[in-house]
Amino acid sequence: MVNDHQKIKNKFSIWWIRKDLRLNCNFTLEKALQNSEKIIPIFICDNKLNTDININSKSYAFFYYGLKELEKSIEKYSGKLIITNSDIHSITKYIQTKFEIKSLYVQNDIEDNFINDIKQLKNHINVELVNNNLVDAQTLLNNSNKPFKVFSRFAKKFKENYKSCDFAENTVFKFAKTEIQNDNLPIPKNTFGEFTPGENEANKRFQNFKKNKIFTYHLDRDYLYKDSTSKLSPYLKYGMISVRKIYSECIKLMNQSKGVEKWIDEILWREFYIYISIHFPDSIKYEFQEKYRKFPWEKNSNYLTKWQEGETGYPIIDACMKQLKETGWMHNRGRMIVASFLTKDLFIDWREGENWFMKQLIDGDTASNIGGWQWTAGVGVDAAPYFRIFNPVLQSKKYDPKAKFITKWLPKLKNIPVKYIHEPWLSENKIYIDKLIDHQISKNKTLQNFKSFNNHNE
Ligand SMILES: Cc1cc2nc3c(=O)[nH]c(=O)nc-3n(C[C@H](O)[C@H](O)[C@H](O)COP(=O)(O)OP(=O)(O)OC[C@H]3O[C@@H](n4cnc5c(N)ncnc54)[C@H](O)[C@@H]3O)c2cc1C
């Protein structure tokens, strides 16, 4: 016979929170709640999740205050979020000595450490891995049952099959309160700037974007001086908003504007890179296109530092890099221009840029960042061809014609005629630092390098 005490004990599950810092529309939490009476939420401070203040202080601050908001939300439902420096095995084992735990629920992930943790956890607890992404990588396959390698085909098949998409809604939250002492995380300064962390803000931003910007997104999205994109990337990175909810709400607006379609495609690019990293885990460390794994990138610490600090002599590059350093965010067009410049004008390995971005970006995300860098360098999945080399001056004139964006980040150029801001070397007076390289000369060298490499490696 089971006594009352045991009955209660039998109904607990652990929700291991990782990149899903939200209560609402969270499949992992929803599934845990469906199968258990009460939930014990745990967050493990693991520097692989950018939870180390020393690795990326802005991203850490964004994460930290987002976690604190989640902690408060859990407390409103009479629960306690366990925040610990301990590892997942020790803490789970300890909880198992106090409560009879049914299962541990966690959002699935691709990281090596996570995969190892799960293997070990399965020795002492039932683990339920939940897919909180839009795409189920194991079932979205081409006609030969193989993973897609071309974005347009991947997106077409997904959209054909998913006219709507499930997401957890109207959940009644029931949390358990444990006596476990929390560890104190370093308290950061509010260095997240305009990116107020948390689930509430993420939802407000999404609703605002949907109401005011999505319908003209296809027209405005590339202009560096406009505030025309959603700026949801940090929220998506830490799971402060559900991508399924986003998709479900936007798909209903699909026929109203090309802007909606374009924005959904961008959301699907994020999914595509996650999908690729699941099917081709090697592409996280090496070039997706195997032939480029031996490409002779050059080492030049002077060039690299000047690029990082925004001192290349090309105002458009320098403005983007200063924006990154100051805010932790950069416009997608900017990311492509500076990534092209590093790899195809300065000949530096894309990994150096990828690494710098991860240290600076508030939205730094392994799959999207590596995807974006390999795409621009021309070595990734469905990448830009090697001969697509962004001309920084043309990009500057086209996407920041009045130099509003440039002068925001390089205010010293404010009173200079616009044509010289795009090309300061044309001015008779010295108005800006010398350019590190000449784009035309670099472009020719890159084309030559790739051509001769390809000839020897086809
Ligand atoms: C070299 C390089 C590095 C990048 N590194 C990252 C990164 O670390 N983290 C990151 O989230 N994005 C990265 N991106 C993609 C993209 O630049 C950002 O997602 C976007 O600028 C974020 O701004 P937003 O939220 O206003 O985007 P919106 O234009 O509003 O797009 C909505 C969402 O779609 C997704 N998205 C948009 N464009 C892309 C794209 N090209 N690839 C993948 N997802 C996309 C993002 O989640 C974004 O929040 C990178 C792109 C490049 C070229």
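Structure data summary
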quantity: Rounded FRET efficiency, nearest 0.05, which uses the C-beta distance separating residue 309 from residue 146 and R0 of 51 Å; calculated: 0.70
quantity: Where only alpha carbons of the chain are counted, the Rg and the Dmax (Å); calculated: 23.9, 93
quantity: Gyration tensor (alpha-carbon) shape descriptor, the stretch 272-337, a/c threshold 1.5; calculated: oblate
quantity: Across 159/204; 189/245; 322/398; 72/102; 359/404, pairs whose alpha-carbon gap is larger than 23 Å; calculated: 159/204; 189/245; 72/102; 359/404
quantity: Extended-chain gain in nm, criterion 0.36 nm per residue less alpha-carbon gap, residue 194 and residue 430; calculated: 81.5 nm
quantity: FRET efficiency for residue 138 and residue 87, using Cβ-Cβ distance with R0 set to 25 Å, rounded to 0.05; calculated: 0.35
quantity: Descending semi-axes in whole angstrom, ellipsoid equivalent of the stretch 170-221, from the Cα gyration tensor; calculated: 35, 20, 6
quantity: Long-range Cα-Cα pairs in the stretch 11-54 (distance over 15 Å), rounded percent; calculated: 46
quantity: Exposure proxy order (Cβ contacts within 10 Å, fewest to most) of 335, 22, 293; calculated: 293, 335, 22
quantity: Residue list for the stretch 234-261, given a label point 7 angstrom along the Cα-to-Cβ vector of residue 76 and an amide N cut-off under 19 Å; calculated: 239-242
quantity: Farthest toward positive dipole pole in the chain [+1 Lys/Arg, -1 Asp/Glu at C-beta], among 367, 401, 200; calculated: 401
quantity: Full-stretch length increase - residue 37, residue 326 - with 0.36 nm per residue and alpha-carbon distance subtracted; calculated: 99.5 nm
quantity: Net charge contributed by nearby residues that have their C-beta within less than 13 Å of residue 275 (K/R +1, D/E -1); calculated: +2
quantity: Principal semi-axes in Å for the stretch 290-456 [√(5λ), Cα gyration tensor, largest first]; calculated: 26, 19, 13
quantity: Sorted by Cβ neighbour density within 10 Å, fewest at the top, the residues 316, 74, 267; calculated: 267, 74, 316
quantity: Residues residue 394 and residue 163, FRET efficiency given R0 of 45 Å [Cβ-Cβ distance, rounded to 0.05]; calculated: 0.70
quantity: Stretch gain in nm, segment residue 280-residue 301, where the contour uses 0.36 nm per residue and the Cα spacing is subtracted; calculated: 4.5 nm
quantity: Ranked 160, 111, 352, criterion: other C-beta atoms within 10 Å, fewest first; calculated: 160, 111, 352
quantity: Within straight-line cross-link reach of residue 76, lysines at Cα separation under 18 Å, skipping those fewer than 8 residues along the same chain; calculated: 38, 68, 174, 177
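The numbers here are math on the coordinates, done by the rules we state, and not lab data. These figures come from a predicted structure and were not determined experimentally. Virtual Cβ from ideal backbone geometry, glycine too; neighbours counted across all protein chains shown.
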